[in-house]
Amino acid sequence: MTDQGRYRLETKLVQAGRDAARFEGAVNPPIHRATTLIIPDADDLYGTQKKTYALEGMAVQEALRRALIAIEGGDDAILAPSGLAACTLALLTVAKAGGELLVSDSVYGPTRRFCDTTLKAFGVHTCYFSPDLGEGIAALLHDKTCGVFLESPGSLTFEILDTPAIVAAARTRGVPVIADNTWSAGVYFKPFEHGVDLSVQALTKYQAGHADAFMGAVLAAAPEWTRRARDMHKNLGLHASPDDAYMTLRGLRSLMVRLDRQSASAITIARWLEQRPEVAFVLHPGLPSHPDHTLWKRDFSGASGVFAFALQREHGGNVHAMLEGFALFSMGFSWGGFESLIVPTSDNLRRTAAPRRDDRPLLRLSIGLEHPDDLIADLDAGFARLRA
């Protein structure tokens, strides 16, 4: 194993988690489709630190964990079978019966659903706060606050949260902070450098990158959080498939090549959309027009390929004709893969801390690896259908 700390990110992505000496010279780790592990020493059956069941993961899961730490930092990574499973694992790690979680109002829909149903049934209250609250979150913290959950940017409306200010306020009360860092792929934002305790990744998106594997991870800033998250993981009986772990690790090797291309294409398309008469506004944190552009410039080193735009209200009646006629953009509820996707999101928005101020139709784009000029032509044809 090489010393990863001296390399740049692109090199880490290629090298991290590899151990040719351990695996008979193989570049990639083996896939163990295993459940039972044979234990020859009776003293190792109980109360040992040694691995006794394959539910904990084998070589390929270990390699993926090491690679994730090399990219984002932290003490360790705990793998989950999906991005949502990673979100719920992190929440359960900090949740307490009778306690209250503070959750950004722009959070991923299934995360909100888990808070409003499962956690509520277990006696955990969720208080949603406005994404622009920043240091004002101090007023919401109290003795029963057991955690703060952030998603920056929000994956539908793309608000950038003032993470350092929120973390500073939480620290004064000893409250842990969780950040869903999926949008940045662990590349463009480093949560542990800003004091976050647990970072969540939906590895299904950019890391796997090929729309063919589910995977998630919770990364811990310190050993105590690793222990707590791992204990919860074990109690829930979660398991990351070795085949999906292998696919995610394979996708990870080309992450920066894909992410650079998708990021560049997205900003090109976002700027083009800003000039269209059919478009009311574009929500891309990398654009100066974005309300939180200054925060993004301060805390992020780049932007991924996912953003949104709103249509002028007079074109709302023809959205279906626009969406159903694309040649390149497909409708689908994931993002971060090699393929470009578009989905209407207005009907999926839920806000309780502050009402949405604009009801114009909102569309989310995930830009893939197609040439941006071809994607722009596809959008241009879609606008023609919209005007028809």
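Tabulated data for the structure shown
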| read-out | value |
| --- | --- |
| Over the stretch 254-375, relative contact order from alpha-carbon pairs under 8 Å, at least 6 apart, % | 29 |
| GNM result for the chain, Cα springs below 10 Å: residue of 90, 245, 222 fluctuating most strongly | 222 |
| Among the listed pairs 51/205; 120/190; 50/96; 12/190, those beyond 21 Å (Cα-Cα) | 51/205; 120/190; 50/96 |
| Considering only the chain, percent of DSSP beta bridges that pair antiparallel, nearest 5 | 60 |
| Contact order normalised by residue count of the stretch 40-121, Cα under 8 Å, 6+ apart, percent | 16 |
| Order by protection proxy (mean Cβ within 10 Å, highest first), peptides 77-89, 34-46, 101-113 | 77-89, 101-113, 34-46 |
| Rounded tilt (10° steps) of 223-236 against the dominant C-alpha axis of the chain | 90 |
| Restricting the stretch 110-162 to chymotrypsin sites (Phe, Trp or Tyr not before Pro) in coil, as DSSP defines it, with at most 14 other Cβ within 10 Å | 122 |
| GNM result for the chain, Cα springs below 10 Å: residue of 308, 213, 377 fluctuating most strongly | 377 |
| Between helix 163-172 and the chain: long-axis angle, C-alpha atoms, 0 to 90°, nearest 10 | 50 |
| Over the stretch 4-253, relative contact order from alpha-carbon pairs under 8 Å, at least 6 apart, % | 24 |
| Global geometry of the stretch 255-387, whether rounded, prolate or oblate, following the gyration tensor of its Cα atoms and the 1.5 cut on a/c | oblate |
| Aspartates and glutamates whose Cα lies under 13 Å from that of residue 234, excluding same-chain neighbours fewer than 8 positions away | 56 |
| Mean ellipticity per residue at 222 nm, deg cm²/dmol - from DSSP H runs of n ≥ 4 across the chain, formula -39500 (n - 2.57) | -9500 deg cm²/dmol |
| Shape of the chain, Cα gyration tensor, a/c cut at 1.5 | oblate |
| Electrostatic dipole magnitude of the stretch 141-240 [Cβ: Lys, Arg +1; Asp, Glu -1; Cα centre; debye, to 20] | 320 |
| Per-residue Cβ neighbour rank within 10 angstrom, fewest leading, 177, 14, 148, 343 | 14, 343, 177, 148 |
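Every number here is computed from the coordinates shown, using simple stated rules; none is lab data. Every value quoted in this text rests on a predicted model; they were computed, and no experiment measured them. Note: ideal-geometry Cβ built from the backbone for every residue, glycine included; neighbour counts use all protein chains shown.
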